[in-house]
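A.B. asks: Next up is a structure, given as structure tokens.
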Amino acid sequence: MSRSARSPRRMLRAAGAGAAALLALSACSSSGPDSSPQSSQGSSASSGASGAVSGEVTVFAAASLKESFTTLGKKFEKDHPGAKVTFNFGGSDSLAAGITGGAPADVFASASPKTMKTVTDQGEAAGTPVTFVRNRLEIATLPGNPDHLSSLKDLTKSGLKVVLCAQTVPCGAAAQQALDAGGVRVTPVSYEQDVKSALNKVVLKEADAALVYRTDVQAAGGTVEGVDFPESAKAVNEYPIVRLKHAKNAAAADAFIALVRSAEGQKVLGEAGFLTP
């Protein structure tokens, strides 16, 4: 066969290969339906949604997020078989101090903008934190409410053992804000370093009541009973989340944040008692 006869075939093969390469490049660069045009975190998460996410992602999160984030962590690992989520739950102030002190973490989810600001002020955040849920307080008391508590003022009853979170942590700051709004002064038997510790005092019957988040009351099931009070509306906490500047697994961090903010993530958080942002 002559060179002139072979040339058109070569040209056709080359054209087909070029078209295939262009299609592949287009598929890799396109954004998924969950990508967000508002931040680089959202666009990185879309690549994770395609299955590229792997490795360990370390999430520092407020203690009140333990149940819902654990559920979302299992969902994340199921969606990304090569990924593993490691959580560190605790008081937001302690977590923030750890991050600014060099503790390795990829994501920080705080129970208040104030504790998040500790991290952003030190330049430890990659991008701007975004509020993903809100939370409000309830009075946690023993099952059956044996002390007949119905208001904040009832926490001043003689002999009643009340526990509060330390004012340096978000649940403690919110409790003090609610007490101030109601003009109520309470002398607690102890200040606890996170909301789970405060609630556990009631669960173990070491205290008669505690001011905690309603999500924690719900998570405790029948071991405690929740009492709502109107002043809680004046002490609603916003929960911001952000990828950290020194994240070792930025892609997985962005993908986890995307899951938290997704409709599915918001459903899990809503079922836990959190309010929409």
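The values are calculated or read from the model by the stated rules, or taken from the named source; none is laboratory data. Worth saying up front: this structure is predicted, and the values here are computed from it rather than measured. For neighbour counting, all protein chains shown are included, and Cβ atoms are generated from backbone atoms with ideal geometry for every residue, glycine included. Ligands, DNA and RNA are excluded from the accessible area calculation, which covers all protein heavy atoms including side chains. Shrake-Rupley method; radii C 1.70, N 1.55, O 1.52, S 1.80 Å.
A.B. asks: Check whether at least one residue in segment 103-125 is free of Cβ contacts under 8 Å to residues at least 40 places away in the same chain, in the same structural domain as A252 (by TED's automatic domain parsing), under 24 Å from Q176 (Cα atoms) and not hydrophobic (A, V, I, L, M, F, W, C), and report yes or no.
C.D. replies: Taking every residue of segment 103-125 in turn, at least one turns out to be free of Cβ contacts under 8 Å to residues at least 40 places away in the same chain, in the same structural domain as A252 (by TED's automatic domain parsing), under 24 Å from Q176 (Cα atoms) and not hydrophobic (A, V, I, L, M, F, W, C).
A.B. asks: Listed residues A251, A247; which is within 30 Å of H80 (Cβ to Cβ), assigned to a loop (DSSP other than H, G, I, E, B), small (G, A, S) and open to solvent by 10 Å² or more (accessible area, probe 1.4 Å)?
C.D. replies: Answer to the check: A247.
A.B. asks: One residue is enough: does segment 174-190 have a residue meeting the conditions hydroxyl-bearing (S, T, Y) and under 24 Å from the mean Cα position of the chain (by Cα)?
C.D. replies: Residues of segment 174-190 hydroxyl-bearing (S, T, Y): 187, 190.
From what's left, under 24 Å from the mean Cα position of the chain (by Cα): none.
The answer is no, given that none of the residues of segment 174-190 is hydroxyl-bearing (S, T, Y) and under 24 Å from the mean Cα position of the chain (by Cα).
A.B. asks: Same structure again: I'm trying to understand the selection: among the residues of segment 214-226, which are surrounded by fewer than 21 Cβ atoms within 10 Å (Cβ to Cβ) and of a type outside the set (D, E, K, R)? Explain how you work it out, then say what you get.
C.D. replies: Step one: of segment 214-226, the residues surrounded by fewer than 21 Cβ atoms within 10 Å (Cβ to Cβ) are 218-223, 225-226.
Of everything in segment 214-226, those that are surrounded by fewer than 21 Cβ atoms within 10 Å (Cβ to Cβ) and of a type outside the set (D, E, K, R) turn out to be Q218, A219, A220, G221, G222, T223, G226.
A.B. asks: Another question, if that's okay. List the pairs whose first member sits in segment 176-200 and is within 23 Å of A96 (Cα to Cα), whose second member is assigned to a helix (DSSP H, G or I), and whose Cβ atoms are under 6 Å apart, counting only residues at least 6 apart or on separate chains?
C.D. replies: Listed pairs, sorted by first residue: E192/A198; D194/A63; V195/A63; V195/S64; V195/C171; V195/D216; K196/A63; L199/D216.
A.B. asks: Which one is surrounded by the most Cβ atoms within 10 Å (Cβ to Cβ), of the residues in segment 74-88 that are touching a residue at least 60 places away in the same chain (Cβ under 8 Å) and within 14 Å of the chain's Cα centre (by Cα)?
C.D. replies: If we take residues in segment 74-88 being touching a residue at least 60 places away in the same chain (Cβ under 8 Å) and within 14 Å of the chain's Cα centre (by Cα), then F76 is surrounded by the most Cβ atoms within 10 Å (Cβ to Cβ).
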